[in-house]
Amino acid sequence: MLERRVFDYLTRKKRGTVRAVPDGFEFARPDRPAAGRLIVPGVTPDDDPGLTFEEAGERTDVAWEPPRPSTASREIKMKSGSSVRGHVVDISRNRLLTFESILEYLMANIAMADKNIALIEDQPPELRFQLNGELHRHTIDFRTSTCLSFRIAYAVKPADQLERDQTLLKMRALAKLHAPTFAHKFLVCTEMQITRDYGWNAVDVNDARASRSKSYCDKVLDALLSVGRATEIWRLQDLLGNESDVWNAVLCLYYDRLIQIDEPRLRFSDASIIRAITRH
């Protein structure tokens, strides 16, 4: 971690973009809460993102609704000496998703960072299947549904556990019995598909979405369009003079598919090259 910070500092020094630490400190000003939503009880639809802070204002009929509980078919034990476990908020659907490993955490974030996905289900109801002449039950880690209602079931497992767990055989047996009723495709994802760069990029995108400011996103997009060509993120930060807000806005616009980031499976940095795709 320290080596990375030193490398980043030397890179900025070479560019001439080492900036003084500002005297004042100001929190980001997102449009909505980072988790949960502001609603008018009995009025705001379930699929609505909720009111903005500005829309809520001083109204007394507005309430904060926390994220809805996970729909997982089984309750996971949060204490484990061998894996990271917990919940993450699915921002688009205001619902908690469970994960039982860092690989599942990254997979959940990759799904949340894909605008084409309309629904994410963690630990959906278990499925029956036969293997070696015996009846078994298995719970899929995630099932996603796209905007076109194409469903994919995911088994998330480290590559060195596939053979011991017979994951590939289980997923083939499940696909034979339950495709396309449960899902159109059954996929096994390991660290080969869920790479650290790809997964942590998705975490960054979702963190940015949690503190989205539409007005600043518009400002950054207008600035990028005025540049008129592909450019590094740090140049845009230098142009607008606000590193964190530009970074958040760039990732939000990337999620909105209004900008393109070159090499999106490589770890994002302020040296990543971006280009505008279209205007709002």
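Once you charge only the Cβ atoms, +1 for Lys and Arg and -1 for Asp and Glu, what is the size of the charge dipole of region 98-250 about its Cα centre, to the nearest 20 debye?
Numbers: 18 positive and 21 negative charges, 141 e Å.
About 680 debye.
Which of 198, 154 comes first, and how do the rest follow, when ranked by fewest Cβ neighbours within 10 Å? Numbers along the way, then the final one.
Values: 198 17, 154 25.
In order of increasing Cβ crowding within 10 Å: 198, 154.
Putting +1 on Lys and Arg Cβ atoms and -1 on Asp and Glu Cβ atoms, find which of 242, 200, 154 reaches farthest to the positive end of the dipole of the chain.
About the Cα centre, the residue reaching furthest to the positive side is 154.
For region 269-275, what does the Karplus curve 6.51 cos²θ - 1.76 cosθ + 1.60, with θ = phi - 60°, yield as ³J(HN,Hα) per residue in whole Hz, taken in order and with x for Gly and Pro?
Per-residue couplings from phi come out as 8, 5, 8, 4, 8, 10, 8 Hz.
Highest GNM mean-square fluctuation, the chain, Cα pairs closer than 10 Å: which of 259, 120, 76?
76
State, in angstrom, two size descriptors of the chain derived from its alpha carbons: Rg to one decimal place and Dmax to the nearest whole number.
For the chain, the Cα radius of gyration and maximum Cα-Cα distance read 21.5, 70 Å.
What FRET efficiency comes out for the pair residue 222/residue 54, r = Cβ-Cβ distance, R0 = 25 Å, nearest 0.05?
Plugging the Cβ-Cβ distance into 1/(1 + (r/R0)^6) gives 0.75.
In sequence order, what are the phi-derived ³J(HN,Hα) couplings for region 174-186 according to the Karplus relation 6.51 cos²θ - 1.76 cosθ + 1.60 with θ = phi - 60°, rounded to whole Hz, with x for glycine and proline?
3J(HN,Hα) across region 174-186, in whole Hz: 5, 4, 5, 8, 10, 9, x, 5, 7, 7, 7, 9, 10.
For region 86-189, compute Rh as the Kirkwood radius over C-alpha pairs and then the Stokes-Einstein diffusion coefficient at 37 °C and 0.692 mPa s; write the answer in µm²/s, rounded to an integer.
The estimated diffusion coefficient comes to 232 µm²/s.
On C-alpha positions alone, give me the angle between the axis of helix 2-15 and the longest principal axis of the chain, in degrees, nearest 10.
Its long axis makes an angle of about 40 degrees.
Determine the percent antiparallel among the DSSP beta bridges restricted to the chain, to the nearest 5.
Rounded to the nearest five, the antiparallel share is 80 percent.
Looking only at region 90-246, where both bridge partners belong to it, what percent of the DSSP beta bridges are antiparallel (to the nearest 5)? Present the calculation step by step, with values, prior to reporting the outcome.
Details: 15 of 20 bridges.
For region 90-246, the DSSP antiparallel bridge percentage is about 75.
Within the chain, what is the number of lysine pairs with alpha carbons under 20 Å apart, leaving out pairs fewer than eight places apart on the same chain?
Numbers: 77/157; 79/157; 115/185; 115/214; 157/170; 157/185; 170/185; 176/185.
Summing the qualifying lysine pairs gives 8.
What list do you get for 203, 250 if you sort them by fewest beta carbons within 10 Å? Numbers along the way, then the final one.
Numbers: 203 17, 250 26.
Fewest-to-most Cβ neighbours within 10 Å comes out as 203, 250.
Could you work out which residue, out of 157, 176, 115, moves most in a Gaussian network model of the chain, that is, has the largest mean-square fluctuation with Cα springs under 10 Å?
176
Using a Förster distance of 45 angstrom, determine the FRET efficiency expected from the C-beta separation of residue 145 and residue 10, and round it to 0.05. Don't skip to the answer; put the middle values down first.
Details: r = 46 Å, r/R0 = 1.02.
The calculated FRET efficiency here is 0.45.
As an exercise, use a Förster radius of 25 Å and the Cβ-Cβ distance of residue 181 and residue 116 to find the FRET efficiency, rounded to the nearest 0.05. Write out the running numbers ahead of the final one.
Numbers: r = 22 Å, r/R0 = 0.87.
Given R0 = 25 Å and the Cβ-Cβ separation, E is 0.70.
What residue among 135, 187, 174 has the largest mean-square fluctuation in a Gaussian network model of the chain, using Cα springs under 10 Å?
Result for the chain, Cα springs under 10 Å: 135 fluctuates most.
Tell me the net charge near residue 104. Cut-off is 11 Å between Cβ atoms, residue 104 excluded, with +1 for each Lys or Arg and -1 for each Asp or Glu.
Details: positive: 85, 157; negative: 100, 122, 141.
That works out to -1.
Can you compute the helix-only [θ] at 222 nm over the chain? Use -39500 (n - 2.57) per DSSP H run of at least 4 residues, normalise by all residues, nearest 500 deg cm²/dmol.
On the way: 9 runs with 95 residues, N = 280.
-10000 deg cm²/dmol, from helical runs alone.
Can you compute the charge dipole magnitude of the chain about its Cα centre, using +1 on each Lys and Arg Cβ and -1 on each Asp and Glu Cβ, nothing else charged? Give it in debye, rounded to the nearest 20. Kindly include the intermediate steps, with their values, before the conclusion.
On the way: 41 positive and 40 negative charges, 151 e Å.
So the dipole magnitude of the chain works out to roughly 720 debye.
Please compute the modelled spin-label separation between residue 164 and residue 244, points set 7 Å along Cα→Cβ, answer in nm with one decimal.
4.2
Give me the angle, in degrees from 0 to 90, between the Cα long axis of helix 243-255 and the longest principal axis of the Cα atoms of the chain, rounded to the nearest 10.
Taking the Cα atoms of the chain, the angle to 243-255 is about 40 degrees.
With θ set to phi - 60° and the Karplus curve 6.51 cos²θ - 1.76 cosθ + 1.60, what are the ³J(HN,Hα) couplings of region 138-154 in order, to the nearest whole Hz, using x for Gly and Pro?
8, 10, 5, 6, 9, 10, 10, 10, 7, 4, 9, 6, 8, 9, 10, 9, 10
In nanometres, what is the gap between the two model label sites at residue 63 and residue 34, each 7 Å from Cα along Cα-to-Cβ?
2.5
Nearest 10 degrees, 0 to 90: what angle lies between the long axis of helix 214-227 and the longest principal axis of the chain (Cα atoms)?
The helix 214-227 is inclined about 70 degrees to the chain.
Any read-out appearing in this document is the output of simple, stated calculations on the displayed coordinates, not a laboratory observation. These numbers were taken from a predicted model, which means no experiment stands behind them. Please note: Cβ atoms are built from the backbone with ideal geometry, for glycine as well, and neighbour counts cover all protein chains shown.
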